[in-house]
Structure formats: C-alpha cells, structure tokens
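The next block holds one structure in the form of structure tokens; read it before the comments.
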Amino acid sequence: MTEELSPRERALVATGAELAELIRHRSAEVLLALLDNQALDETQLSLLLYRKDLPAEVLAEVVLRKHLLKSYRVKRALALHPLTPRLEGMRLLRDLYPMDLVQVTLMPGISPELKLKAEQQVIARLPQLPLGQKIALARRGPARAVGALLAEGHPNIVSVALDNPRMTEAQILRVLSREKLSATVVPAILRHAKWPLRYNVRLALVRHPMTPLAALLSFLPNLTASDLRDLASPGIVPENIRRYLQAEVVRRTRSKP
C-alpha cells in the first residue's frame, strides 16, 4: 500500500491526486524521484517547473534529460525560471516564440544578461514577424525592441510604440540619431503628448533633417544659449536652418541688459 511507502517511493509510482500533491513537496529527493515517474506528463512537469521555490538540483536534472526538452511547454517553463542554469537558459532562448522572449525580458529574478540576450533575439526576428505580432510587441515589449519597431516606421505601429510605458528617452534619441527615417516617425514624435516636452528630445528634433521648420522654430526659445551656439556651428545642421539658429543667438545677445 502507498501509505507504507516513503515519500520518495511514493513519488516513483504516484498517479492522479497523489501525484498532484507530491508536485508541491519541499524535498529535492522527492521531486527528483518524480522525474522517474512514468505518470508524470508534460502538464504536471510544467506545473512543477513553475514553482519559484524549486530546488536548483531539480532544474539541473530536468535540463540533463534531453527527452523532456522536446516539449515546448517545458522549455518555456525552464527559460522563465530564475534558477535555470545560465548556459542552458541561453540555449533555450533560441527555441522560444517572440512573445515568450518578451516575457523573459520582463520577468523579475531573471539575470540582466539573459534579459538582454532575449531582447536581442526579439530584435533579430522583427523582420519575420507579422504585423499583428509587431503591434502586440510595440504595446507590451521592452524598450530596445520597441525602439527598433519605432524606427521601422509602420503607420500602425509608431503611435503604439510611443505610448508603451517601457519606452525610454534613450530609445527615442537613438531613433532620432538616424538621418533616414520613415516619414511617419518624426511627425508622430512631435504629436505625442510626452516626448516633445523632453529637452533632449527637442534638441534631437532640432538636429533632425525631417523636422518641419515650424516645429523646429517653436523649440528654439527654450534651448539654452550654449546649445544654440553649438547647433549654429558649421556642419551641424543644414545651412538654411543654421541661419535661424544664428538669428536666435543674436536676438538673445541683444536682449541682454
């Protein structure tokens, strides 16, 4: 009778409700024995791997059992677990779907190195993603990936990317550092309620050749004198824009008491 067996022995043969109960057991020895239980299926193993208090030796053992890694659910659960061995976690990223890679970048406890690798994988796959997935990524994704989507300039994506709460000023500036952009990008940034209010973004917009003259002129009164002088130096902006900058410098010089 199973009542006479030790917890480890029960783990080897348990089924049904007893197996489900043993998945929550605290002992690493018992959990390792579960891996040898023929009744342990993909769903139950995934539930086991979702445990954040899972002993590291159990994760290491799952990684070693290559037949278990044929299951996408198992690979995903391992990749999302903060205690999965580093090198195996890196390898697992190659097999994850883009939105699962996004989840890796957002999971607390995942190492910064792994998050960066996952984000790089997402960016590398952007050209192959259908529009619907790109929109979902622009809405929920991490800053670097969203910045890359913004730079693509698809009309259905730019406003979504700019509204993403994870979007950062650094990514906006990175996009504006590109001289060649889709015609949708600069106007979308200018229309946005948040980004044109940032001083550094305004400075980048003044530098950018695609910024409309009216918008550029509206920013000049708010720029510092030192930035105006720098921008008015030869070769920084087109000559016709430089004349407006020089005129603003002269205006301020004359208005000083």
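Placing +1 on the Cβ of every Lys and Arg and -1 on the Cβ of every Asp and Glu, with nothing else charged, gives segment 184-246 a dipole about its Cα centre of roughly 160 debye. When the chain is treated as a Gaussian network with alpha carbon springs shorter than 10 Å, the biggest mean-square fluctuation among LEU47, LEU149, LEU106 belongs to LEU47.
Close lysine pairs were tallied over segment 117-257: pairs 8 or more places apart or on different chains with Cα atoms under 28 Å apart number 5.
Charging the Cβ of each Asp and Glu at -1 and of each Lys and Arg at +1, and nothing else, the dipole of segment 120-257 about its Cα centre rounds to 200 debye.
The mean sequence separation of alpha-carbon pairs under 8 Å and at least six residues apart, normalised by the residue count of the chain, gives a relative contact order of 8 percent. When log10 I(q)/I(0) by the Debye sum over Cα atoms at q = 0.08, 0.10, 0.12, 0.14 Å⁻¹ is calculated for this entry, the matching label among [x] -0.33, -0.52, -0.76, -1.03; [y] -0.34, -0.51, -0.69, -0.88; [z] -0.50, -0.65, -0.79, -0.93 is [z]. Model label points for ASP41 and ARG207, set 7 angstrom from Cα along the Cα-to-Cβ axis, are 5.9 nm apart. Full extension of the chain between ARG229 and LEU131 gives 31.0 nm of extra length, using 0.36 nm per residue less the Cα-Cα distance. Packing around the peptides 114-124, 75-85, taken as the average count of other Cβ atoms within 10 Å per residue, puts them in this order, highest first: 75-85, 114-124. Of all aspartates and glutamates in the structure, the ones whose alpha carbon falls short of 19 Å from that of LYS75, not counting any fewer than 8 places away in one chain, are ASP36, ASP41, GLU42, ASP53, GLU57, GLU61, GLU88, ASP95, ASP100, GLU113, GLU119. Per residue of the chain, what 222 nm ellipticity follows from adding -39500 (n - 2.57) for every DSSP H run with n ≥ 4, rounded to the nearest 500? Roughly -17000 deg cm²/dmol at 222 nm, from the helical runs in the chain. Which one of SER46, ILE23, TYR72 has its Cα pushed farthest toward the positive end of the charge dipole of segment 1-96, where Lys and Arg give +1 and Asp and Glu give -1 at the Cβ? Toward the positive end, the furthest listed residue is TYR72. In the chain, with Lys and Arg counted as +1 and Asp and Glu as -1 at Cβ, which of these residues, LEU59, PRO142, LEU106, has the Cα nearest the positive end of the dipole, that is, farthest along it? Farthest towards the positive end: PRO142.
Is there a quick way to get the dipole size of segment 7-68? I mean about its Cα centre, with the Cβ of Lys and Arg at +1 and of Asp and Glu at -1; what is the value in debye to the nearest 20?
Dipole about the Cα centre, nearest 20: 160 debye.
When the Gaussian network model of the chain links Cα atoms closer than 10 Å, the mean-square fluctuations of LEU181, LEU137, LEU231 top out at LEU231. Each peptide in 128-134, 205-211 receives the mean, over its residues, of other Cβ atoms within 10 Å, and ordering these scores from highest gives 205-211, 128-134. Between ASP53 and ALA28, the contour length at 0.36 nm per residue exceeds the Cα-Cα span by 7.9 nm. A cut-off under 9 angstrom between Cβ atoms defines the neighbours of ARG144, and their net charge, with Lys, Arg +1 and Asp, Glu -1, is 0.
No lab work stands behind these numbers, since they all come straight from the coordinates. On a predicted model such as this, the values are computed, not experimentally measured, just so you know. Methodologically, a virtual Cβ is constructed for each residue, glycine included, from the backbone with ideal geometry; neighbour enumeration extends over all protein chains shown.
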